[in-house]
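The values are calculated or read from the model by the stated rules, or taken from the named source; none is laboratory data. These figures come from a predicted structure and were not determined experimentally. Cβ placement follows ideal geometry from the backbone for every residue including glycine, while neighbour counts extend to all protein chains displayed. These area figures cover heavy atoms from the full protein model, side chains too; ligands, DNA and RNA do not enter into them. Shrake-Rupley method; radii C 1.70, N 1.55, O 1.52, S 1.80 Å.
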Amino acid sequence: MNTFYVTTPIYYPNSEPHAGNAYTTIAADVLARYHRLKGYEVCFLTGVDEHAANVFNAAKEEGLTPQEYCDKIAPTFVNLWERLNISHDIFFRTTSDIHKRGAQKFLNVLYENGDVYKAKYEGFYCISCEKFFAEKELTEDRICPDHKIPLQWLEEENYFFRLSKYADRLLTHFNDNPDFVYPETRRNELLSFLESGLQDVSISRASLSWGIPFPFDPEHIIYIWIEALSNYITALGYETDGEQFQTFWPADVHMMGKDITRFHALLWPAMLMAADIPLPKHIVGHGWLTKDGEALSKTRGIFIDMDSDIATYGVDAFRYYLLREFSFGNDGDYRPSRLHERYNADLANDLGNLLNRVLGLLNKNFDAIPEPTTPGEFDDEIKTLAHDTLETFDSHMQTFAYDIALETIWEFVRRINRYVQQTQVWTLAKPETKPRMGTILYNSLEALRFISALIFPFIPDTADKIQRQIGSTDSDYTLEWGRLKAGKKVAKGEPIFPRVDLKKEKPPQKTGKTKSEEQPKQGKTDLISFTEFQRMDFRVGRIISAEPIQGADRLLKLIVDIGTEKRQVVAGIAEHYPTDSLIGKQVIVVVNLEPATIRNVESHGMVLAASGDSVVLTTPETEVPLGTQVR
RNA sequence: GCCGGUGUAGCUCAGUGGUAGAGCGCACGACUCAUAAUCGUGUGGUCCGGAGUUCAACUCUCCGCACCGGCACCA
């Protein structure tokens, strides 16, 4: 039997799942359902990546242990997947024993194969910052600019993976397998990155406590990405070379957002090469969702209100919209108004109404599904189109072109509406034409059965509803024309997609959850003393000139008057403020920051700005004298 | 700054060296079985701008503009 193994990334459970997670997971679910329908033995893996630093921090904020925190959040993912009708076979948690042991075995194999080595990180280190300082960051007196304490010369042992060794083999693999990475633009980006060479990567962290220790050196924790990637094999029982691992590996598709394709397409394959494990077949990186043209942002409160849209249109409409509207590799702009249009036009009018009208006619004129005794005009065309549709549909599914695959189905749906129209079925109830009427209705119902099979991977509830309404007790999703059994009684059911009238829509309600998402979480981790705070010297200044810096898109050279003197400061705000708009603005400047040279321009201080998805300068509420201290 | 992509109808997007396409929207008509549904017809475009190659350019080449992405960079 053919097998199919599809995965989503394991998501960070540092907060509840969002629409981006849902998009990835639905896309993977479609593949899983599609292949099951095709008779493949399928394994669909999803889960959570629990040993992340941000999970550790989120737990700390709530006063929970990381494990307690994970135990609390993990179910919110499972719940959402249930609501979205996700048919995963495994929901995997990286705090599970099977993962811990598997990850350790994986590291051991890499180690034994000689691709893990220990090397010193050495340099000046600040114990308060817990970080090394690069050469260029050092001042003459070697004092931490943040903590004003002497830096220490420290040598820390770290483990490295010989990623560089695999650059050539990866390049060969990319060239030999043009469809290794989807979409092509992403593949090209990775290729050019690859051609510029790869550096070995650090795969251990000595300073963290939340994670999985190295098997051969328990002092070190396995770096999160290395550990996370290994979940794709540990979940299958890599550790014991289990049956599932033997059956399903290598994965057919690793599905993910475009931001993490590099880890999956370069680092992960290299590690697998090092461990002598076959590579996954496809890495698929989809685009990001925006909302009404704006990037999603927790801090700015821009998010997709799945709860509200699902409540209005249903889960299937939500799934349908996500996959029909957007070209899969590109970013997609989520617009509730478009969802509404899609719902009414495609689902309610084209499909829902077709089912309803055919069943209505059948019910009015026949006791049961009639035999197709009387072939006539268009019948062959419909049958041929059914099979052509299937063929075209399949080819688009092979290239993850969900939108075109669905459009292909809908061309068939529209053709059936036309069939009903062209044949004028409703006029054929007279005794002499009734056999023909029965045949047309049979064909229409069979077309609907066929359609239900095609749409099943995308909108499974709808497919089931259609099957039930056309009298199929055991759903028959076989994609062969003519399987519908005549003689069955059929009752006209409720419309499967009742039209939604926008005027009756209630204004979007703010739920409690909404509010919490709108509030920025404080990413606070460490407390500083008041004395430490006092060391920082913030002053009000006025920007008196601003000009771009050659060769740096984001940087501006500012001259700021801070009352006692004029300072030259480099600021990374070029993309957010035209230079002219800055002149005369009052800003807050960190004046006792050590000087730095950026792009050959000296910077004596720092201009403060709120830096999230947008960058907004902090400015006194009203004009104040230059040089005023801020505290 | 380097690399790549995109720019086509009001909206979302296909597409080809030879008279511009689909869906939605809009207008009109047909039908009255159906969820104010369906079907048909129509409306609608300097195919970003400029130059070049060609008998012929929306398509190929070059230059420019705008937007998007990757890398560098963000004191």
Under 15 Å from A:Lys165, Cα to Cα: aspartates and glutamates that are on another chain or at least 8 residues apart: A:Asp115, A:Glu195, A:Asp200, A:Asp276
Rounded Å value of the spacing that divides the Cα centres of region A:392-420 and region A:254-327: 23
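With runs of 4+ DSSP H residues as the only contributors, calculate the mean residue ellipticity of chain A at 222 nm using -39,500 (n - 2.57) per run, divided by the residue total and rounded to the nearest 500. Can you show the working numbers first?
Values: 21 runs with 236 residues, N = 631.
It comes out at -11500 deg cm²/dmol, rounded to the nearest 500.
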Those aspartates and glutamates that a straight Cα-Cα span of less than 12 Å connects to A:Lys489, excepting residues fewer than 8 apart in one chain: A:Asp367
Segment A:Asp71-A:Phe533, length gained on full extension (0.36 nm per residue, minus Cα span): 162.7 nm
Amide proton proximity set for A:Asn592, modelled H, under 5 Å, gap of 5+: A:Asp537
Rough spin-label spacing in nm, given labels placed 7 Å along Cα→Cβ, for A:Trp288 and A:Arg483: 4.3
Point-charge dipole on Cβ atoms (K/R +1, D/E -1) for chain A, about Cα centre, debye to 20: 1860
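For A:Asn2 and A:Lys60, FRET efficiency with R0 = 41 Å and r from the beta-carbon atoms, rounded to 0.05?
Working: r = 47 Å, r/R0 = 1.14.
My answer for the efficiency is 0.30.
In the structure shown, do any of A:Lys38/A:Lys72; A:Lys38/A:Lys383; A:Lys258/A:Lys557; A:Lys258/A:Lys465 have a Cα-Cα gap over 27 Å, and if so which? Present the calculation step by step, with values, prior to reporting the outcome.
Working: A:Lys38/A:Lys72 37 Å; A:Lys38/A:Lys383 20 Å; A:Lys258/A:Lys557 33 Å; A:Lys258/A:Lys465 35 Å.
In this structure, A:Lys38/A:Lys72; A:Lys258/A:Lys557; A:Lys258/A:Lys465 lie more than 27 Å apart at Cα.
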Distance in nm between pseudo-label sites at A:Glu341 and A:Glu157 (7 Å out along the Cβ direction from Cα): 6.3
C-alpha center-to-center spacing [region A:568-631, region A:26-61] in angstrom: 43
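Averaged per residue, what accessible area in Å² does chain A show with a 1.4 Å probe, protein chains only?
On the way: 29800 Å² over 631 residues.
Computed with neighbouring chains in place, this is 47 Å² per residue.
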Net charge over other residues, Cβ less than 15 angstrom from the Cβ of A:Gly102 (K, R count +1; D, E count -1): -3
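Between beta-carbons, use under 12 Å as the cut-off and find the net charge around A:Tyr442, counting Lys and Arg +1, Asp and Glu -1. Walk me through the intermediate numbers first.
Values: positive: A:Lys383, A:Arg436, A:Arg449, A:Arg483, A:Lys485, A:Lys488; negative: A:Glu371, A:Asp379, A:Glu446.
That sum, taken over residues with Cβ under 12 Å, equals +3.
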Estimated FRET transfer efficiency when R0 is 30 angstrom, pair A:Ala119-A:Val78 (beta carbons, to 0.05): 0.15
Unit charges at the beta carbon, dipole of chain A: most positive-side option, A:Ile212, A:Phe456, A:Cys43: A:Phe456
Net lengthening on full extension, A:Asp97/A:Asn353 (0.36 nm per residue, minus Cα-Cα): 87.0 nm
Residue-count net charge about A:Tyr334 - beta-carbon cut-off 12 Å; Lys, Arg +1, Asp, Glu -1: -3
Whether region A:276-394 is rounded, prolate or oblate, judged on the alpha carbon gyration tensor where a/c under 1.5 counts as rounded: oblate
Dipole-positive endmost among A:Gly257, A:Ser472, A:Ala546 within chain A (Cβ charges, Cα centre): A:Ser472
Cα→Cβ-extended label distance, 7 Å offset, between A:Thr579 and A:Thr628, nm: 2.9
Dipole magnitude (debye, nearest 20) for region A:335-502, charges at Cβ of Lys, Arg, Asp, Glu: 700
Alpha-carbon Rg with Dmax, taken over chain A, Å: 30.3, 104
Top positive-direction residue, dipole computed over chain A with Cβ charges, set A:Ala22, A:Phe106, A:Trp426: A:Trp426
Relative packing of peptides A:44-55, A:74-85 - highest average C-beta neighbours within 10 Å first: A:44-55, A:74-85
Förster radius 35 Å - calculated FRET efficiency between A:Leu608 and A:Asp179, Cβ distance, rounded to 0.05: 0.15
Accessible carbon and sulfur surface of chain A relative to its total accessible area, %, 1.4 Å: 49
Additional length obtainable on full extension of the chain from A:Asn600 to A:Asp259, 0.36 nm per residue less Cα span: 119.7 nm
Other-chain or far-sequence residues with amide H under 5 Å of A:Ala206's (modelled H): A:Ile221
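Name the chymotrypsin sites (Phe, Trp or Tyr not before Pro) in region A:196-231 that are in a loop by DSSP and that have at most 14 other C-beta atoms within 10 Å, would you? Numbers along the way, then the final one.
Values: sites: A:Trp210, A:Phe216, A:Tyr223, A:Trp225; in loops: A:Trp210, A:Phe216, A:Tyr223.
When the chymotrypsin sites (Phe, Trp or Tyr not before Pro) of region A:196-231 are filtered for loop state and at most 14 Cβ neighbours within 10 Å, A:Phe216 remain.
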Rounded to the nearest 20 debye, dipole of region A:536-630 from Cβ charges on Lys, Arg, Asp, Glu: 140
